[in-house]
C-alpha cells in the first residue's frame, strides 16, 4: 500500500503491534521541527517548538476523529492514564474501576494506584466475549466511577465495541477511558462522534512515530470537571503569566500537560501522520483486514489463538505452532519479523504489508502448525 515510504528491516515486517516501522521522513522531521530551531532561532526557539507540537496535534486529529485542541501530548500511555485517574471529581458511592483481565498490564498498574483514593479495581473476564457490548454490563452500575476498555486487545486482537461502551457509560453516569494504543492508525476512531470521556494512545505502534510521543484526548465538557494533580506551568491557562501564587487550569485538554513537554518525539511522529492521512484510516483498516483474511483462509481454522472474526478483530494475529523455537528459526531464515505471546507466533499487518508478505509468512510457518 505504501511500503516505499518506510524503512523496513528484513524482508517482511510484521511487528507494528510492537514498534511500527520508521517513516523515511522521520529524521528530517526531527531535524526541522526540533534541532533546527534550537540551533538557528536564537531567542525565539519556543515559537517554532510550539508549532511542532501543534503540527503533531493537527496531524493526529483526523486519525482519531477529534479536534486538535482536545489532544494533549504525553510521554507515554501510563502517564496519561495516571493523570486522568487522579483528576476525576469525587462522587459519593462511585468507588469501582472496571477493566478486563486482557488489558495491557501498564494500564492496570497505573489504575491500581487509585486504591490510594479508595477505588477498587474489578476485572471482567477476557476473550472473544469482549466484542459483545453486553459483556460490559457490570461497568454501567451506579457504584462505578470509570470503565477502561482497550479498543483492540493486544494479545487476542479482539476489537471491543468502544462506541457502544462509551454510549452506555455516559447514560449511566460512568466515566469512560478508551485505550487506543493497539488501534490508532490502523482501526477507525471517531472520538468526537462516540464521545467517551477520555482516550489515550501511543505513536509507537501503528502510528509509526516512535517512543515518547503518546497522547491523551479529553472530551471538552468532561475536561472542565477534572483537576489533574500532576500539573506544571503548561497546565496553566496562562503559562507565561509567571505568578507563583496563582494557578488556573487551562480550559481544555492542555490542563493535563504538566511541565515542559518534550519536542523531538512529536516532531518525528508528525512525519507518519502525513502518510497515514494521505490514505485515511478507513482505507488502511480495509487493507489490513483483506490481508488478515488472506492469512486466515490459507491456514487451518484451528491455527489461531486470536480472534479471526470479521468485524471483531484488530490488525494482529497469534498463530499456534507446535514448537515456537523451531518456528522462529524458520521465520528468521525467511526474513519475517515477528514476536511471540503465549508460545505462539505473534504478527500484525499494516499499510506497508502486502499479499507477498502474507504468502511468505504462510510458507514459513505452515510446516510448524
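Derivation of every value follows stated rules applied to the coordinates shown; laboratory data play no part. Source: prediction; values computed, not measured. Cβ: placed from backbone, ideal geometry, glycine included. Neighbour counts: every protein chain shown.
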Worksheet item: By average Cβ neighbour count within 10 Å, what is the ranking of 181-188, 300-307 from highest down?
Response: 181-188, 300-307
Fill in: residue 278-residue 122 FRET efficiency (beta carbon distance; Förster radius 56 Å; 0.05 resolution)
0.85
Worksheet, complete the sentence: For 266, 56, ascending order of other Cβ atoms within 10 Å (fewest first) is 56, 266
Worksheet item: What number, rounded to the nearest 500 deg cm²/dmol, is the helix-based mean residue ellipticity at 222 nm of the chain, given -39500 (n - 2.57) per DSSP H run of at least four residues and division by all its residues?
Response: -9500 deg cm²/dmol
Worksheet item: Based on the Cα coordinates of segment 264-369, what is the per residue volume of their convex hull in Å³?
Response: 121
Response to the item:
In whole µm²/s, the translational diffusion coefficient that Stokes-Einstein assigns to segment 176-332, given a Kirkwood hydrodynamic radius over C-alpha pairs, 20 °C and 1.002 mPa s, equals 115
Practice prompt. Evaluate the relative contact order of segment 202-354 (contact order divided by residue number), counting alpha-carbon pairs under 8 angstrom at least 6 apart; express in whole percent.
Written response: 18
Item to complete: Take 90, 238 and order them by how many other Cβ atoms sit within 10 Å, fewest up front.
Response: 90, 238
Discussion item. Once you keep just the Cα pairs under 8 angstrom separated by 6 or more residues, what percentage relative contact order results for the chain?
Written reply: 24
Practice prompt. Using only the Cα atoms, work out Rg/Rh for the chain, with Rh taken as the Kirkwood radius, to two decimals.
Written response: 0.99
Worksheet, complete the sentence: residue 138 and residue 326 label points (each 7 Å along its Cα→Cβ direction) are spaced in nm at 4.0
Worksheet entry | Largest-first principal axis extents, alpha carbons of segment 149-240, Å | 44, 37, 20
Worksheet item: If each residue's Cβ is checked for other Cβ atoms within 10 Å, how do 11, 167, 333 rank with the fewest at the top?
Response: 333, 11, 167
Worksheet entry | Euclidean distance of C-alpha centroids, segment 341-369 and segment 112-136, integer Å | 31
Worksheet item: Is the shape of segment 221-269 rounded, prolate or oblate, going by the alpha carbon gyration tensor and its root eigenvalues a ≥ b ≥ c, with a/c under 1.5 for rounded and a/b larger than b/c for prolate?
Response: oblate
Practice prompt. Treat segment 32-161 as a sphere of radius equal to its Kirkwood radius over Cα pairs and apply Stokes-Einstein at 20 °C in a medium of 1.002 mPa s; give the translational diffusion coefficient in µm²/s, rounded to a whole number.
Written response: 124
Fill in: Cα centroid of segment 194-227 to Cα centroid of segment 235-297, whole Å
7
Fill in: Rounded FRET efficiency, nearest 0.05, which uses the C-beta distance separating residue 115 from residue 2 and R0 of 51 Å
0.65
Worksheet item: Based on the mean of other beta carbon atoms within 10 Å per residue, what is the order of 208-214, 242-248, 358-364, 109-115, most packed first?
Response: 208-214, 358-364, 109-115, 242-248
